[in-house]
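Working notes for the structure below.
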Amino acid sequence: MKSTILNTILLAAPLILASPVMAGNPAHVQQLLETGFCQGCDLSNEDLRYAHLIGSDLRDANLQGATLIEANLEGADLAGANLEGANLTGAMLTNATLNNSNLDNVNLTNARIYDADVTGASMNNLDITNAQIFNTGIGIGGEKP
């Protein structure tokens with residue numbers, strides 16, 4: 001009997017003691033999806049996979065750790081946004097504005113990035129495996145000439 005209780009406690013302890021992943025603000029998610037305007041919003045760690053965010057205003061938004069798999073961000077304004085560690089696998093970023101944004105550790109695997117403005121963006125440790133990148137200042141290479 002004592003061993004059963006002890007085993008139950010040992011198995012349940014990680015679930016009880018685990019700190020939940022803090023997500024952004026649910027009201028901000030609703031605002032974004034309803035209006036397309038979410039300047040300065042906290043969308044950190046939110047699941048926005050498959051979202052249609054065409055032309056959305058996400059200037060200075062916190063999208064750190066957000067899941068944007070297959071999201072359509074065509075023409076979206078993400079200037080100054082924090083996308084550090086976000087997952088944009090398969091996302092569409094045609095004509096998106098990403099100037100002065102934080103793209104460190106962003107997963108852009110299979111993303112389609114055409115004519116995007118990345119002027120002044122931080123882009124350390126990008127994963128651009130199989131990404132289609134045209135007319136955008138993202139590439140593989142070393143020092144600038």
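The table that follows gives values for the structure above.
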{"read-out": "The stretch 102-120: number of residues that are under 18 Å from I54 (Cα atoms), assigned to a loop (DSSP other than H, G, I, E, B) and not β-branched (V, I, T)", "value": "4"}
{"read-out": "Residue selected from the stretch 52-72 under the condition more than 12 Å from the chain's Cα centre (by Cα) and assigned to a loop (DSSP other than H, G, I, E, B), by the criterion farthest from L33 (Cα to Cα)", "value": "D60"}
{"read-out": "Pick from the stretch 1-60, criterion hydroxyl-bearing (S, T, Y) and more than 28 Å from A116 (Cβ to Cβ), ranking: modelled with the lowest pLDDT", "value": "S19"}
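Condition check ((1) out of contact with any Ser or Thr (no Cβ under 9 Å at 6 or more places or on another chain); (2) farther than 25 Å from A23 by Cβ) across all residues:
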site: N45; (1), (2): no, no
site: A71; (1), (2): yes, no
site: N87; (1), (2): no, no
site: N107; (1), (2): no, no
site: Y114; (1), (2): no, yes
site: N125; (1), (2): yes, no
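The values are calculated or read from the model by the stated rules, or taken from the named source; none is laboratory data. Because the structure is predicted, anything quoted here is derived from the model rather than measured. All Cβ positions, even for glycine, are placed from backbone atoms using ideal geometry, and neighbour counts span all protein chains on display.
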